[in-house]
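The values are calculated or read from the model by the stated rules, or taken from the named source; none is laboratory data. As the structure is a prediction and not an experimental result, all values here were calculated from the model. Cβ atoms come from the backbone with ideal geometry, glycine included; neighbour counts cover every protein chain shown. What goes into the accessible areas is simple: the full protein's heavy atoms, side chains included, and nothing from ligands, DNA or RNA. Shrake-Rupley method; radii C 1.70, N 1.55, O 1.52, S 1.80 Å.
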Amino acid sequence: MRLIAILALVAGPAQAEKIFVSNEKGNTITVLDGATHEVIHTIEGMQRPRGITASPDGKFLYVCASDDNLVKVYDTATYEELPSLPSGPDPELFVLHPSGNPLYIANEDDNIVTVVDVNTRQVLAEVPVGVEPEGMGVHPDGSIVVNTSETTNMAHMIDTATYEIVANVLVDSRPRFAQYDSDGSHLYVSAEIGGTVSVIDTAKNEIVHKITFDVPGVLPEALQPVGVRLTPDDSKIYVALGPSNRVAVVNGETWEVEEYLLVGQRVWQLGFSPDSKFLYTTNGNSNDISIIDVATNEVVKSVPVGEQPWGVVAVQ
Amino acid sequence: MRKTVAFAALVAFGQPALAQEIVAAVIRVDKPGPLPISRLDLMPDDLGFAGGTLGTADNATTGGFMGQTFTTLEVRATPETAEAEMQKLLDAGVRFIVTLADADTTVRLANMGGLVFNAADTSDRLRGADCRANLLHVAPSDAMMTDALAQFLMWKRWDEWFLIEGSHPEDTALADAYRRAATKFGAKITDSRVFEDSGGARRTDSGHVQVQAQMPAFTQRAAAHDIVVAADHAGVFADWLPFHTWDARPVAGSAGLTPANWHPAHEAWGATQWQTRFERQSGRFARDQDFQVWMALRALGEAATRTNSTDPQVLEDYIRSDAFQLAAFKGQALSFRDWDGQLRQPILLASGNVVASVSPQSEYLHQTSQMDTLGIDRAETECRMEGR
């Protein structure tokens, strides 16, 4: 154990970018080298990993092990498993406070959001929300955490100081994911069955626009928005469109779709490389990730990972 | 207990304080009849009602954010008492009625008024010649289920069918739906037989001894076929077909690979969450009727949320509109067909403990919705709704 730690320290300054992919069916995390995009390691020992994120310093990896009813924690350098966090039953997605603590977890089965201190591993609060909470987003200043509930069809804005819901915004059917822009003035909420991404003005908590999708030759019902990511300058919004096997590139100012990129099958979640030059997509039905060059919007490569990749996070 | 609740709610009707309350009723009309072949299929006492309880709870959670409350009354009736019970509900001002009844009873109840959600009967005539303007169907039709199976069999290139149908009228109607599906998708029914219901108990101690001798003989010397398709709505014989056919052929339809609207093993599109909620609440697996009552009540809840209204007319108009979308763990938005009031929905194909496939199969396309490749399409409907 100590040896590994020393080795990691030796490699310290040159620690390269790593990409972590949760494989829902494979019960594994695939680790890829960020430079070569080659698989360098597989973490095992969890059941049904879905949501995946990393601490702001990139040192810790958090994974929703849904069938273990736990959040598993790993050292991103050594892949050592650290003590797990309590999550409430069936955790699917979560989001870390920008400071790195606490963790806000959506518990699909219990209509609650569980708030967990990642250091003390204590549950700080359970916030009742709508039916089937799923998507989680956090305002860049950390004041508000948003949860989307898939059967209630709302975005619930939760005050992170009081754990009270301060606003509810009705969106389209089965909201899956919530993502703020860089200054938190807008919140983007994807609706898988509704087929839209709602743009919410966070000052007024009102929907100001709905982004819709249309790909010639693709059945409209296959255009199911799930994962949403914005470039750091908010100029481009990427939306994963599920069984249509496409990622939409949306203009961050006009909210017009500019391009549809063909990726792998049933694309759900997205994650940027730490320098935001690449976007990684998890393609659940083709067991691979696609790598998009953000500057050119070209799909440059696909890399096989484990079975039914679900989420992705990259760390430096 | 249940009676008390119903009475209290009835007393409260019509008071202005309840303006934000949405009241619905689930009426289950039980007919005496023989028990099913398998004791695994015995009817749970809370069949359908349990789905209603979950639907009401889900609506209430959402309603909590909207300032809306939901009340669902449970009514048990027989074919003789059904109309009187329905009249009580209508007199009390209940507009939304979910029925778990056979085709004839459903029509009789719909004739009395209200907006009726059929959550049990699958017969095509209820969506065709016997349709009603105030009758919506959350239960899929026989035609949808037979088309769902036919698409899969054609995808497998199993296009020669040996059709075995029961002797009850509903069996004949189901067999007609299979004949229609065969024509629609290009399968051939190479042989067909009628299995006569000789009456008596369907479950007996060591009943398998006779069955093992009877079924092979019954299916002997059939014309060449890829698969046996059973049309056994009444549940008399189909469960005994697999492994007892003369020829080594798989069985589909009322046994074997079975089209269903719901299945306890269905996990796709977030369905696991629904299953877990239901099982925790009811202590058993959900059946089609449970899911269908849930869908009917969720349709009401969805309309109330989207319109921010509890006005029954506003809710009904919304449910029938193009804007209506029901998310019900089938991977796409469900909506009601305007030509016959049928909820368009994908159909599961279950084989034992797993969901083997889901139709529509992706190869079958349609100009409006792929789900309309299942069942009776606009151009072929026999439904002529007065006043709509």
### Task
State yes or no: is A:ALA106 more than 13 Å from chain B (Cβ to nearest Cβ) and more than 20 Å from A:ILE237 (Cα to Cα)?
no
### Total residues in the stretch A:150-162, condition among the hydroxyl-bearing types (Ser, Thr, Tyr) and within 8 Å of chain B (Cβ to nearest Cβ)
2
## Note on the structure
Filtering the stretch A:226-259 for residues that are in contact with a Ser or Thr (Cβ under 8 Å, 6 or more places away or on another chain), open to solvent by 50 Å² or more (accessible area, probe 1.4 Å) and more than 19 Å from A:MET136 (Cα to Cα) leaves a count of 2
### Message
Among the residues of the stretch B:177-205, what is the count of those that are hydroxyl-bearing (Ser, Thr, Tyr) and either under 23 Å from B:ARG125 (Cα atoms) or in contact (Cβ under 8 Å) with a residue 40 or more places away in the chain (or both)?
### Response
3
### Message
Within the stretch B:287-302, does at least one residue satisfy the condition of being open to solvent by 30 Å² or more (accessible area, probe 1.4 Å), β-branched (Val, Ile, Thr) and either away from every other protein chain (no Cβ under 14 Å) or outside any loop (DSSP other than H, G, I, E, B) (or both)?
### Response
no
### Query
Taking the stretch A:63-73 on its own, how many of its residues are outside any strand (DSSP E or B) and either aliphatic (A, V, I, L, M) or open to solvent by 10 Å² or more (accessible area, probe 1.4 Å) (or both)?
3
### Task
Run down A:GLU108, A:GLU80, A:GLU126 and say which single residue is buried (at least 23 other Cβ atoms within 10 Å of the Cβ) and of a type in the set (D, E, K, R).
A:GLU108
### Message
Looking for something within 27 Å of B:ASP58 (Cβ to Cβ) and within 14 Å of another protein chain (Cβ to nearest Cβ) - is there at least one such residue anywhere in the stretch B:248-259?
### Response
no
### Query
Taking the condition within 16 Å of A:GLY242 (Cβ to Cβ) and either at pLDDT 95 or above or more than 13 Å from every other protein chain (Cβ to nearest Cβ) (or both), does A:SER190 pass?
yes
### Message
Please count how many residues of the stretch A:237-267 are touching a residue at least 60 places away in the same chain (Cβ under 8 Å) and not in a loop (DSSP other than H, G, I, E, B).
### Response
0
### Failed item, numbered, when B:ARG306 is tested on (1) open to solvent by 20 Å² or more (accessible area, probe 1.4 Å); (2) within 12 Å of chain A (Cβ to nearest Cβ); (3) not in a helix (DSSP H, G or I)
(3)
## Note on the structure
Note on the stretch A:124-149: residues in contact (Cβ under 8 Å) with a residue 40 or more places away in the chain, within 13 Å of chain B (Cβ to nearest Cβ) and among the acidic types (Asp, Glu) are A:GLU134
### Task
Starting from residues that are crowded, with 20+ Cβ neighbours inside 10 Å and among the polar types (S, T, N, Q), keep the ones in the stretch B:32-60 and report whichever is farthest from B:THR305 (Cα to Cα).
B:THR53
### Task
For residues that are of a type outside the set (Gly, Ala, Ser) and within 12 Å of chain A (Cβ to nearest Cβ), scanning just the stretch B:324-336, find the one that is surrounded by the fewest Cβ atoms within 10 Å (Cβ to Cβ).
B:PHE324
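Yes or no, residue by residue, for (1) modelled with pLDDT under 95; (2) assigned to a helix (DSSP H, G or I); (3) more than 30 Å from B:VAL211 (Cα to Cα); (4) among the β-branched types (Val, Ile, Thr):
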site	(1), (2), (3), (4)
B:PHE7	yes, yes, yes, no
B:GLY14	yes, no, yes, no
B:LEU40	yes, yes, no, no
B:GLY52	no, yes, yes, no
B:ARG76	no, no, yes, no
### Task
Would you point out the residue of the stretch A:193-212, among those that are surrounded by 17 or more Cβ atoms within 10 Å (Cβ to Cβ) and away from chain B (no Cβ under 14 Å), that is nearest to B:LEU334 (Cα to Cα)?
A:VAL197
### Message
Yes or no: the stretch B:337-359 includes at least one residue that is β-branched (Val, Ile, Thr) and within 14 Å of chain A (Cβ to nearest Cβ).
### Response
yes
### Residues satisfying the stated conditions in the stretch B:182-236, i.e. at pLDDT below 90, of a type in the set (A, V, I, L, M, F, W, C) and part of a loop (DSSP other than H, G, I, E, B)
B:ALA201
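Could you look through the stretch A:22-62, keep only residues that are part of a loop (DSSP other than H, G, I, E, B) and hydroxyl-bearing (Ser, Thr, Tyr), and pick out the one that is surrounded by the most Cβ atoms within 10 Å (Cβ to Cβ)? Steps first, answer last, please.
Going residue by residue through the stretch A:22-62, those that are part of a loop (DSSP other than H, G, I, E, B) are A:24-27, A:34-38, A:44-48, A:55-59.
Retained after the next criterion (residues that are hydroxyl-bearing (Ser, Thr, Tyr)): A:36, A:55.
Working: A:THR36: 10, A:SER55: 18.
Restricting to residues being part of a loop (DSSP other than H, G, I, E, B) and hydroxyl-bearing (Ser, Thr, Tyr), the top hit is A:SER55.
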## Note on the structure
For the stretch A:85-103, the count of residues that are more than 14 Å from every other protein chain (Cβ to nearest Cβ) and either closer than 17 Å to A:VAL146 by Cβ or in contact (Cβ under 8 Å) with a residue 24 or more places away in the chain (or both) equals 12
## Note on the structure
With the first residue restricted to the stretch B:84-106 and required to be touching a residue at least 40 places away in the same chain (Cβ under 8 Å) and of a type in the set (Ser, Thr, Tyr), and the second required to be surrounded by fewer than 16 Cβ atoms within 10 Å (Cβ to Cβ) and assigned to a loop (DSSP other than H, G, I, E, B), Cβ contacts under 6 Å at 6 or more apart or on different chains are B:THR105/B:PRO79
### Message
For the stretch B:263-286, give me the residue count where each residue is farther than 17 Å from B:THR53 by Cα and surrounded by 20 or more Cβ atoms within 10 Å (Cβ to Cβ).
### Response
5
### Task
Take the stretch A:129-143 and flag every residue that is open to solvent by 10 Å² or more (accessible area, probe 1.4 Å) and not hydrophobic (A, V, I, L, M, F, W, C).
A:HIS139, A:PRO140, A:ASP141, A:SER143
### Selection status of B:ALA139, part of a loop (DSSP other than H, G, I, E, B) and open to solvent by less than 10 Å² (accessible area, probe 1.4 Å)
yes
## Note on the structure
Restricted to the stretch A:163-187 and to residues being at the interface with chain B (Cβ under 9 Å from one of its Cβ atoms) and at negative phi, the residue surrounded by the most Cβ atoms within 10 Å (Cβ to Cβ) is A:ASP172
### Query
Do we find that B:ARG277 is of a type in the set (Lys, Arg), assigned by TED's automatic domain parsing to the domain that holds B:LYS330 and under 21 Å from A:ASN111 (Cα atoms) in this structure?
yes
### Query
From the residues in the stretch B:337-363 that are small (Gly, Ala, Ser) and part of a loop (DSSP other than H, G, I, E, B), which one is surrounded by the fewest Cβ atoms within 10 Å (Cβ to Cβ)?
B:GLY352
### Message
When you scan the stretch B:239-262, do you find a residue that is under 23 Å from B:PHE49 (Cβ atoms), of a type in the set (Gly, Ala, Ser) and outside any strand (DSSP E or B), even just one?
### Response
no
